[in-house]
Amino acid sequence: MKLQWFTFSFEQLSTHQLYEVLALRSQVFVVEQNCIFQDMDGSDHKALHICGYDMQEKGPVLVAYARVFRAGIKFAEAAIGRVLTHSQYRYKGLGHLLVQQSLIAIQENYGAQAIRIGAQMQLENFYQQHGFLATGAPFFEDGIEHLEMLRARG
């Protein structure tokens, strides 16, 4: 796998790229997780989109994605959300690379600051490896148990 990372504003995404992003988010969050929810939440135009592509001979394939927000949009702090990897590319460390790329994008575009996420409860240990700590009681969102987690400025 030859992986390349890109950070796009909403306006920089081509129609084809946006379609790929929305299709992959739907595949992971709606189909795989059997969760009916409104993925297109009116926030994509406010986000930076972190896209990891496998640069194959037949063309790039979107294999990892997240969106990041400046402080004051999703939470008082900067935020990372819609973190996913393509099912055929899981358990290869791609999720960790994606979070690292998301942290870099926040640092480069918004400066050093605290970052809050709404993590699926099952991923608490994963996010702890990136400096996130739980900040409250678990809650259900779209039928899946979540936990707010905070990464201190740095």
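If a residue must be among the hydrophobic types (A, V, I, L, M, F, W, C), under 16 Å from residue 144 (Cα atoms) and in contact with a helix residue (DSSP H, G or I) (Cβ under 7 Å, 6 or more places away or on another chain), how many such residues does the range 10-36 contain? Reasoning before the result, please.
Let us first name the residues in the range 10-36 that are among the hydrophobic types (A, V, I, L, M, F, W, C), namely 10, 13, 18, 21-24, 28-31, 35-36.
After this cut, where a residue has to be under 16 Å from residue 144 (Cα atoms) as well, the list is 28-31, 35-36.
Among the residues that remain, those that are also in contact with a helix residue (DSSP H, G or I) (Cβ under 7 Å, 6 or more places away or on another chain) are: 35-36.
Residues that pass the stated criteria total 2.
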Checking residue 127 against (1) assigned to a strand (DSSP E or B); (2) more than 16 Å from residue 70 (Cβ to Cβ), which test does it fail?
(1)
Expected output for the range 106-118 (first residue over 18 Å from residue 141 (Cβ atoms), partner exposed (fewer than 14 other Cβ atoms within 10 Å of the Cβ) and hydrophobic (A, V, I, L, M, F, W, C), Cβ below 8 Å, 6+ apart or cross-chain) is 114/152
Any hit, the range 69-80, residues being in a helix (DSSP H, G or I), over 19 Å from residue 120 (Cα atoms) and hydrophobic (A, V, I, L, M, F, W, C)
no
For residues that are touching a strand residue (DSSP E or B) at 6+ places or on another chain (Cβ under 7 Å) and in a loop (DSSP other than H, G, I, E, B), scanning just the range 34-68, find the one that is surrounded by the most Cβ atoms within 10 Å (Cβ to Cβ).
47
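Bear in mind that the values in this text are calculations on the coordinates, not laboratory data. Because the structure is a prediction, the values reported are computed rather than measured. Here Cβ is always computed from backbone atoms with ideal geometry, including for glycine, and neighbour counts include all displayed protein chains.
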